[in-house]
Every structure is written in structure tokens, then in C-alpha cells.
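See below for the structure under consideration.
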Protein chains: 2
Amino acid sequence: MFAEFETFIRERTDLSDADIEVIRSLAIEKIVRKKESLLHAGEVCRYKMFVSKGLLRTFCTKEDGSDYILQFSPENSWTTDPESFDKLIPSVCNIDALEYSEVIMWTKEDFNYLFANIPGLKAYTQKLIVQNMYVVRQRVLSVISSTPEEKYDEFIKNYPNVFARVPLHMVASYLGVSTKTLSRIRHAQLVR
Amino acid sequence: MFAEFETFIRERTDLSDADIEVIRSLAIEKIVRKKESLLHAGEVCRYKMFVSKGLLRTFCTKEDGSDYILQFSPENSWTTDPESFDKLIPSVCNIDALEYSEVIMWTKEDFNYLFANIPGLKAYTQKLIVQNMYVVRQRVLSVISSTPEEKYDEFIKNYPNVFARVPLHMVASYLGVSTKTLSRIRHAQLVR
DNA sequence: CGATTCTTTGAAAACAGTCAATCTGTGTGG
DNA sequence: CCACACAGATTGACTGTTTTCAAAGAATCG
């Protein structure tokens with residue numbers, strides 16, 4: 001499980017073996033079965049998580065019970081609730097597994113330690129945050145400016161790997177449209 | 001113009017007088033009249049900008065000519081097109097002034113210099129990016145999960161200061177709904 | 001005051017959402 | 001191994017909302 005992470009991080013940083021060893025020593029490895037939860041709304045999100053295998057989803061539930069998916073996290077990606085994690089306040093999101101997954105987690109305390117002592121990791125993390133910003137900004141633009149069909153097409157284009165693995169109604173939830181609308185779009189595209 | 005910035009940054013960091021002086025020496029002050037542009041789509045966004053007075057808007061234009069507002073930047077806030085600025089690639093956004101504004105700008109090169117030599121500024125900037133992330137994530141959630149009326153109410157609640165200064169059709173553009181819908185909502189709220 | 005910008009409105013059309021039912025494929029437990 | 005339950009996808013009928021387009025008022029600015 002850690003092996004995948006090590007490969008991943010070595011490709012993106014120039015951490016030393018010693019650095020990796022420290023990072024490993026503070027890592028918590030966790031297996032999550034499909035549908036198992038890693039964070040419930042109301043709890044503090046205590047971990048920064050790396051998905052080394054599988055697929056997670058971050059979602060919020062409104063009063064009426066409807067879900068809205070904020071993020072999919074396939075293997076080789078990071079996830080957490082940043083605001084809850086940083087400020088140690090209760091999260092409004094849930095994180096659970098859409099597939100059998102393997103996750104590596106660090107507490108805030110430990111991650112801060114790594115952050116302070118491994119400059120390469122710090123630089124990498126900061127770059128990641130910035131890149132994430134590009135993506136989220138683009139998503140805001142898409143969601144306010146695109147038609148449902150455009151959103152659907154963009155999703156398939158941007159996340160083919162996720163698209164192939166999640167049920168349609170979750171794509172709908174991610175895009176902010178109803179499953180009905182997605183069905184209609186798909187039907188129309190077939191006919192064409 | 002720089003005075004407002006100095007007050008602002010001193011309240012949020014513990015920069016020394018010397019630090020401030022360096023920052024000032026690299027700052028470009030610019031007056032922008034209402035409707036004047038600071039960035040056209042297709043250009044590289046060469047500056048990181050602090051709005052010391054006035055109100056800017058960042059928006060994208062689709063092929064059909066319709067605008068979508070990504071961000072309002074009132075006095076005491078920062079703006080740029082992060083991706084264009086960081087990577088020196090052409091921007092897809094425009095930035096212009098909704099009011100007479102006073103803006104302080106730094107090039108990427110100069111900002112990098114400040115970044116490298118003024119740890120307090122670096123720490124502040126990074127915190128800012130992270131906080132911005134919270135806001136944008138919240139916006140994504142809102143825009144995929146809220147009704148137009150909820151979006152409208154949230155906007156007034158979150159940005160009363162901006163709301164009071166921009167025409168309704170720009171609020172609509174920011175929220176991703178038509179002006180018609182906003183009018184209807186307002187009418188309904190009046191009747192109540 | 002005239003010109004421009006902004007807001008509201010009406011009517012019609014397009015669109016998306018709800019609800020309920022059906023169909024499918026999957027997988028589990030007996 | 002089969003039957004059954006279950007999750008997912010699609011569909012139809014209906015409803016309700018949003019958009020579009022155009023036009024008319026209202027407000028603002030020079």
C-alpha cells in the first residue's frame with residue numbers, strides 16, 4: 001500500500017530515502033471496503049489522506065436527504081476536508097469509499113511535522129494546492145456557464161477513469177443535474 | 001494608494017518597515033477608470049493585483065457573447081488569473097473595473113523575489129490561497145446544490161458590500177442564473 | 001435633457017425536475 | 001445453482017421552473 005505512494009511521491013519530488021522513511025513512519029494505512037466511511041459530517045476531519053488504490057467520494061447531504069458530490073478521489077490522489085482539517089472544526093462533508101480502497105493517512109500534527117522538516121514535501125504540497133485551485137475555478141466556471149450536456153461531456157473528457165467506474169446518478173450529483181436530465185442527454189447523443 | 005495596502009498588510013503580517021519598503025519599491029500603482037480593463041482574454045496575466053480602492057470583476061466570455069463572472073474583487077482584496085500568472089499562459093478571463101479603482105500590481109518576477117526574501121509575505125500568501133480554497137469549494141457546493149433563491153440569499157449574506165454596488169444582472173451572471181429569474185425571486189420576496 | 005444602463009415584465013417555448021414504474025444486470029444467501 | 005433482492009438506468013406523464021425575446025419603465029449619468 002505504501003509502495004504505490006512511494007512511487008507516486010518519488011515521481012513528483014526529490015525526497016531522500018530518509019525523508020520517505022520519516023513519512024512512512026507517521027503514515028497510517030487503512031483498508032476501506034466499498035460503502036465504508038472515512039468521514040461523517042459533524043466530525044472533525046482528522047486526516048490528510050492519499051488514496052493508493054480504489055475510489056473515494058466527498059459529498060454533502062442537504063436537509064432533505066439529497067447528496068451532492070464535491071469530489072471524486074481515485075487512486076493516486078489526495079483528499080481531506082481542508083477547512084475541517086486545518087481549523088479542526090466539524091466537517092460538513094462525508095467521505096466514503098465507492099470501491100474497495102487503500103488509503104494512507106496522516107494526522108494534522110504529523111503532517112505539520114513533515115511539512116516543517118521536509119522542504120521538498122512542503123513545496124510539493126503547496127504546488128498541489130495551487131493546481132487544485134485551477135481545477136476548482138474551472139469547475140465553478142463550468143457549472144455556471146455550461147449546459148448540462150456540456151458539463152456531461154466535459155466530465156467524461158476530464159475524468160474518463162472516474163466516469164467508467166461510477167454510477168450515472170453520481171455523475172449527476174457531481175454535475176448538479178438530475179439523473180433524468182443525464183438520461184435524456186445520453187439518449188439524444190445515441191440518436192445522433 | 002499604497003497607504004491602504006500598507007495598513008492592510010500590517011494588520012495581517014508582522015512585516016518590518018524594511019520589508020514594506022522593498023514591497024513598495026517593486027509595486028506598480030495604477031488608476032483604473034470604470035469599465036477600463038486590466039486583463040483581456042488571450043493575454044498573459046502578468047500581474048498579481050491588490051485592489052486598494054474600488055471594485056474589479058473577473059469574467060469569462062463564451063462564444064455566443066454571454067459573460068460569466070468568476071469573481072468580484074472589492075477594495076482590500078487580491079486578484080489575478082492564477083493559472084495564467086503562474087504558468088505565463090494566455091488567460092481565458094478578463095478583468096475590468098466596475099468602479100473607479102486603485103490597484104497595486106507586482107509582476108511575477110518581482111513577486112517571486114518578495115516571496116523568496118520576505119518569509120512573512122510568503123506565509124501570508126499561502127494562508128490566503130488556502131482560505132480562498134475554502135471559499136471556492138463552498139461556492140461549488142452552493143452552485144450545484146442550491147436553488148436560485150438560496151444562491152441569491154447566500155450572495156447577499158456573504159457579499160453585502162459587493163451586492164450593494166453591482167447591478168443585478170451581474171449578480172445573476174455570478175450565480176449562473178438569468179436576470180429574469182432574479183427579478184422573479186425579488187418580486188416573490190417582496191410580496192412575502 | 002438626452003442617452004445609456006438597468007430592472008422588470010409578459011408571453012411563449014424550452015428545459016429540467018418529480019414521481020412512479022419498468023427493465024436490467026449483479027450478486028448474495030439459501 | 002437458482003431465486004430473490006438490490007442497485008442502477010431508463011422512460012412516460014406531468015409539473016414547475018427557467019430561459020428567451022422583446023419591450024416598456026425606471027434610474028442614473030454626463
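All of the numbers you see were taken from the coordinates with simple rules; none came from a lab. In this text, all values refer to a predicted model and were calculated from it rather than measured experimentally. Cβ coordinates were reconstructed from backbone atoms using ideal geometry, including for glycine residues, and neighbour counts include every protein chain displayed.
What FRET efficiency would be calculated for the residue pair B:LYS35, B:ILE89, taking the C-beta separation as r and a Förster radius of 30 Å, to the nearest 0.05?
The formula returns an efficiency of 0.70 here.
Under the convention of a label 7 Å out along Cα→Cβ, give the distances in nm from A:THR107 to the same position in every other copy, shortest first.
List, nearest first: 4.8 nm.
In peptide B:129-136, how many Cβ atoms from other protein chains are near each Cβ within 10 Å, on average?
Neighbouring Cβ atoms belonging to other protein chains average 5 per residue here.
Is there a pair in B:LYS108/B:LYS151; B:LYS127/B:LYS151; B:LYS34/B:LYS157; B:LYS30/B:LYS127; B:LYS35/B:LYS62; A:LYS157/B:LYS62 whose C-alpha atoms are over 31 Å apart, and which pairs would that be?
Too far apart for the 31 Å limit: B:LYS108/B:LYS151.
Assign one of three labels to the protein assembly as shown, namely rounded, prolate or oblate, based on the Cα gyration tensor with a ≥ b ≥ c the square roots of its eigenvalues; rounded applies when a/c is under 1.5, prolate when it is not and a/b is larger than b/c, and oblate otherwise.
oblate
Charges at C-beta only: +1 for Lys and Arg, -1 for Asp and Glu. How large is the resulting dipole of region A:2-117 about its Cα centre, in Debye rounded to 20?
Charge dipole, region A:2-117, about its Cα centre: 220 debye, nearest 20.
Divide by every residue of the protein assembly as shown the summed helix terms, -39500 (n - 2.57) for each DSSP H run of at least 4, and state the resulting mean residue ellipticity at 222 nm, rounded to the nearest 500 deg cm²/dmol.
When only DSSP H runs of four or more count, the value is -16000 deg cm²/dmol.
Between region B:118-192 and region A:61-110, how many Å separate their Cα centres?
24
Helix B:108-117 versus the longest principal axis of chain B: what angle, 0 to 90°, nearest 10, using Cα atoms?
60
Please give me, ordered by residue number, the trypsin sites (Lys or Arg not before Pro) of region B:68-141 that lie in loop per DSSP and have at most 13 other Cβ atoms within 10 Å.
none
Summarise the long-distance tail of P(r) for region B:2-118 by giving the % of C-alpha pairs beyond 18 Å.
Of all Cα-Cα pairs in region B:2-118, 51 percent lie more than 18 Å apart.
Across peptide A:143-154, what mean number of C-beta atoms from other chains lies inside 10 Å of a residue's C-beta?
3
One decimal, nm, shortest first: give the distances between the label point of A:GLU4 and those of the same position in the other copies, each label point 7 Å from Cα along Cα→Cβ.
5.0
Give me B:LEU190, B:LEU175, B:LEU141 sorted ascending by neighbouring Cβ count inside 10 Å, so fewest comes first.
By the 10 Å Cβ count, ascending, the order reads B:LEU190, B:LEU141, B:LEU175.
Dipole magnitude of the protein assembly as shown about its Cα centre, charges +1 at Lys/Arg Cβ and -1 at Asp/Glu Cβ only, in debye to the nearest 20?
1260
Copy-to-copy spacing for B:LYS30, label 7 Å out on the Cα-to-C-beta vector, in nm, shortest first?
4.6
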